[in-house]
Structures are given as C-alpha cells and as structure tokens.
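Below: one structure, written as structure tokens.
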2 protein chains.
Amino acid sequence: ARPRVGYFYTGKSGDQLLSEKLQKILVSDYQSRPVVVNENVSVYDAIVTMFLEDVGTLFVVDQNSILAGVLSRKDLLRASLGNQELSALPVNIIMTRMPNITVCRKEDLLTDVAMKLIDRQIDAIPVIRETEAGFEVIGRITKTSITRAFVSLGNAE
Amino acid sequence: ARPRVGYFYTGKSGDQLLSEKLQKILVSDYQSRPVVVNENVSVYDAIVTMFLEDVGTLFVVDQNSILAGVLSRKDLLRASLGNQELSALPVNIIMTRMPNITVCRKEDLLTDVAMKLIDRQIDAIPVIRETEAGFEVIGRITKTSITRAFVSLGNAE
C-alpha cells in the first residue's frame, strides 16, 4: 500500500527523517577559512589580527605551517588584563597547545563537531589535514558555522 | 490508501517535515540565564564578571533593572587595548546602547533569532519582557544555545 503521490512512504517518523538528514551534513559543507598567526608573533599583534580579520579564534602555526596552538578571545582578554607589555609577550606563552587541541576533518559529521563544541566549551575547532610533519590547518568550524547550518535547515522548502 | 503502520502518511517530504519541526522550536526552549551588570560598574569589573560567570556577553541594566546596553567580549578586548585605566572607565562609555540592541521574546521562533545572530554578526541576543519602564531582561540566546539546539536535533530518535 504505497501511496502514489510522488513520495516514497518510508514508514519513518519526522524525527527519524530529521536525524538522517543531519547525518548527511559534513564539516566541508559549512567550514570557513582559518585565520592563522605564527607562534612568534606578540599577543598585541594577535589581538590586532583578530580585529582586522573579525574572528573569535586564531590558530597558531609553527615555521612549517603546522598547527601549534589555539588562541581564543578569552585567552587574549585574560592576557590583556595581566598588566604585561603585550607587544613583548609571544602568543606561545598563552595559547592552548597541542596535544590539548580538539581538531576535526572535513569529512566529519557536523553534528559530531557541534557536540564537541558544547562538551569542551570551546568556540571553534580547526579543520585539519594530517601530514607527516603534523596537522595542517585547512579550515575552521565555529558556533557561527553551526548557527548558519541551523538557519539553512529552517529554510528548507 | 493510508498505510497502517502507526504513522500518518502526510505526503510531505523530509525537508518539509524538518522545516515544520524547526518552526516549533521556541526561544523559551533554549534560552539561558542572563548575566547583567549595572551601567555604573567599571570596564575592569565587567571583565571580571565575564570571567567569573564564564559568558561571552553581558547585558547592562539601569537602576530600574531595565536593559540599557550590551557588552561583548570584543567590546571589552577593544577597551582593554586602549591603554586606559579600566577601573576608572564606566561600561556605559563603551557598550552598545538602546535602541541599537537586537532583542527577542521567549515566544519567538529560535530559527528567526538564529537568523538575526547571523545577519547582525552578533554573539548573543537578550530575551526581554516589555514593561512600562522599558525592556526587562529575562534570558539570553547565544550561538551556544543554537549549537545546543542543533545537537538535540541530531540526537532525535
């Protein structure tokens, strides 16, 4: 008794269809461009870069362009309160560093990465590609990426 | 020809079901507690409050507990770079103030509020109740709230 109205009747509930649809959204569908700084730049320069690029998280790379750390707005705000000379303080003193960085890959499910953002209470996760030298940063997923995905779902016809 | 398997066949596609499901999620389902400061506190105290409460946005209220302004981490970071004496600088100098504040109500659709977060490039929107004196702040919706909603959708059975 399959209805002849152009849709297959699958016997699935709305929640199941929804869940299945979400299982098809990948990191690569919503990742944005990463903004990186070298690990030798000063905290002052990192803050300026954050404003110029208008991002909430910077990824720190070494001389081989390999992921070395992450800097959040919160890290930079904390450092700026510390009464230190920000232009003399290198970012590698205050950054979160490998192996304590949560990363993802472009073929990961966006819902899994969203769950990591919530569980680890972070704002952004670098999208990486594994190389022999370490992780190369090729994108970023932030709570803004997830919010864009949520809005797109709501606008489905 | 309605299939007898416990579900109504509605003739709707997965995208339509999804969209309809999202149209039922309200601000009140995901709002969190607002963190407010008085408009007379210093920028230094606001930054300390932001760290203690671990939030990315503070709402500023007047002596009648009515919404007067919004302070983002970005506003506070900018002020902290300005070489000013942060404990002598009141927040009402640097805050975004009414009527330039985007607000929402607890009965609004979460997708509409998510769209406002994206369109206006902001991190948080106060949930308000209208009173004769102005807007009383009763909650907040942030990109974290939207990310939580997205994760919940993905976990539907």
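A few notes on this one:
- Sparse-neighbourhood loop sites, trypsin sites (Lys or Arg not before Pro) in region A:56-157 - DSSP loop, at most 15 other Cβ within 10 angstrom: A:Lys106, A:Arg120
- Computed from Cα positions, the angle between helix B:110-119 and the longest principal axis of chain B comes to roughly 50 degrees.
- Max-minus-min Cα coordinates of region B:43-157 on each principal axis give 53, 34, 25 Å, with the largest extent listed first.
- For chain A, the relative contact order comes to 26 percent (Cα pairs under 8 Å, sequence separation of at least 6).
- Carbon/sulfur fraction of accessible area - the protein assembly as shown, other protein chains in place, 1.4 Å, %: 45 percent
- Helix B:143-154 axis versus longest C-alpha principal axis of chain B: approximately 20°, rounded to the nearest ten.
- Each other copy places its own label point for A:Thr131 at 5.8 nm from this one, sorted shortest first, where the point lies 7 Å along the Cα-to-beta carbon line.
- In a DSSP loop and with at most 14 other Cβ atoms within 10 Å, the GluC sites (Glu not before Pro) in region B:24-92 are B:Glu85.
- Quarter the surface of the alpha carbon convex hull of the protein assembly as shown and you get the mean projected area, 19.2 square nanometres.
- Folded to 0 to 90 degrees: helix B:43-53 orientation relative to chain B principal axis, Cα: 40 degrees
- A 1.4 Å probe run over chain A, with the rest of the protein chains in place, finds 50 Å² accessible per residue.
- Where A meets B: accessible area buried, both sides, 1.4 Å probe, Å²: 4800 Å²
- Coarse-grained scattering of region B:68-127 at q = 0.20 Å⁻¹, given as base-10 log I(q)/I(0) from a Debye sum over alpha-carbon atoms: -0.80
- Build a GNM of chain B with springs between Cα atoms under 10 Å apart, and of B:Asp123, B:Asp112, B:Asp54 the one that fluctuates most is B:Asp54.
The values are calculated or read from the model by the stated rules, or taken from the named source; none is laboratory data. Keep in mind that this is a model prediction, so the values were computed, not measured. Quick reminder, even Gly has a Cβ in these numbers, built from the backbone with ideal geometry, and neighbours come from all protein chains shown. What goes into the accessible areas is simple: the full protein's heavy atoms, side chains included, and nothing from ligands, DNA or RNA. Shrake-Rupley method; radii C 1.70, N 1.55, O 1.52, S 1.80 Å.
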